[in-house]
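Here is the structure we will look at, set down as structure tokens.
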Amino acid sequence: MVKRRHKKRTHVPQPNPVEANIPQSMVLRIGGSSVGASLSQLVHDVRMIMQPHTAIKLRERKANKLRDYLSMAGPLGVTHLLMFSKTQSNETSLRIAHTPRGPTVHFKVQSYSLCKDLRRVQKHPYMPDMELQTPPLLVLNGFAAPARATTASDKAHLTLLTSMFQNMFPAITASAAALKKIKRVMLVNFEQETGELHLRHYLISTKTLASRSAAAASATKIKKEEEQDEEMLESANDDNDDEINDRDMEDDDEEANEEEEEENMDDDDDEDEERFLPHAPSGISRAKLQKLLASKKRLSKSLPSLGKTKDIADFLLREDAGEMSAVSSESEAEDDDMFDGSILHDARNRRSSSGEKKAVKLIELGPRIKLKLLKIQEGVCEGAVLYHAYKTTAKSEAKK
């Protein structure tokens with residue numbers, strides 16, 4: 001009996017998230033479809049951020065309660081619950097709970113913009129596909145304790161917020177992480193004076209730029225070609241001038257003959273004009289001749305190979321693109337498509353010692369969310385209040 005073949009290159013077994021200690025999340029809308037279409041779309045966009053370790057096709061019902069999700073969180077290995085809901089005053093709230101024992105962070109959603117809203121105003125919108133197969137890189141800003149915070153209680157909620165966001169995504173080791181697998185960035189900016197958090201989601205796009213030596217060589221090559229074109233134009237203009245002078249001498253002889261033969265003067269003038277016009281190019285024909293001579297050498301070149309490129313930008317930013325490269329091209333690209341020179345860096349491949357110039361560009365995918373920190377509870381949506389934005393002490397809630 002023939003042994004069954006097992007594919008190893010395309011069917012690589014994925015590690016079990018529970019055994020690998022990878023955080024799993026569930027993004028929920030408490031109340032089902034009754035929360036509205038806009039909030040339902042926001043839940044879908046947040047699930048896109050949390051991919052691939054989240055329940056992307058989860059369907060909620062209006063009758064589902066929090067205890068239903070908590071009972072299933074353990075067997076499925078879910079570590080975090082992100083719950084969107086509507087309050088009685090029709091305000092949107094977000095609760096992030098760490099299962100099974102808490103804590104729970106309560107936020108008020110002050111404003112948000114969906115992914116489709118951002119794509120509508122972008123000049124070149126991008127739809128992520130393969131980039132969602134790897135978790136995003138988490139970037140936290142503004143979570144350091146302020147200088148006026150002298151006691152441990154003033155710094156406790158910042159430390160708890162930092163650990164909450166960090167534990168939502170898999171840990172990354174800088175020395176062992178593969179840079180090619182980091183495709184997205186989730187930015188969380190915290191304003192300590194107002195207690196507001198701003199969430200952004202970006203796609204990382206990198207392009208290889210031509211080195212300075214390659215750019216200088218291509219510029220020198222273009223300069224030599226321009227000098228050769230000018231020499232060809234000068235020689236062509238000299239030949240045309242000689243022909244025109246010879247033609248003028250012949251016309252003078254014909255005019256002398258016309259004076260002797262008065263009867264055929266009109267016919268001779270017509271013949272002179274017909275023979276003169278083809279040899280005396282006008283300003284338009286000279287411009288066309290210059291354009292043809294300048295493009296003669298470029299037309300003889302072989303067409304570039306675009307078989308290994310997915311986008312025309314990959315060819316324009318390549319080192320071997322020559323004079324068609326974006327570095328040496330005479331026609332500059334649009335401002336939105338050019339990379340900022342201040343964020344250029346030398347990226348060295350671990351397998352090769354030679355460095356290449358990389359340009360990094362962030363493309364916003366969405367959504368944008370503006371949150372207001374309200375309070376932090378000890379358990380999962382219950383227990384003592386560890387921090388409150390509007391109360392200095394919460395003894396009444398702590399007793400409950």
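The values are calculated or read from the model by the stated rules, or taken from the named source; none is laboratory data. Just so you know, these numbers come straight off a predicted model, no measurement behind them. Every residue, glycine among them, receives a Cβ derived from its backbone with ideal geometry; neighbour counts consider all protein chains shown. Each accessible area value is taken on the protein alone, full model and side chains, heavy atoms only, with ligands, DNA and RNA left out. Shrake-Rupley method; radii C 1.70, N 1.55, O 1.52, S 1.80 Å.
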Scan of region 342-400 for residues that are open to solvent by 30 Å² or more (accessible area, probe 1.4 Å), assigned to a strand (DSSP E or B) and modelled with pLDDT under 55, ordered by number:
His345, Asp346, Arg348
Pairing a residue in region 142-156 that is within 22 Å of His198 (Cβ to Cβ) with any residue that is modelled with pLDDT under 70 and outside any helix (DSSP H, G or I), where Cβ atoms lie under 6 Å and the two sit 6 or more apart in sequence or on different chains, gives Lys155/Ala149
Which condition does Ser85 not pass, out of (1) part of a loop (DSSP other than H, G, I, E, B); (2) surrounded by fewer than 20 Cβ atoms within 10 Å (Cβ to Cβ), if it passes all the others?
(1)
Scan of region 89-138 for residues that are surrounded by 13 or more Cβ atoms within 10 Å (Cβ to Cβ) and among the β-branched types (Val, Ile, Thr), ordered by number:
Thr92, Ile96, Thr99, Thr104, Val105, Val109, Thr134
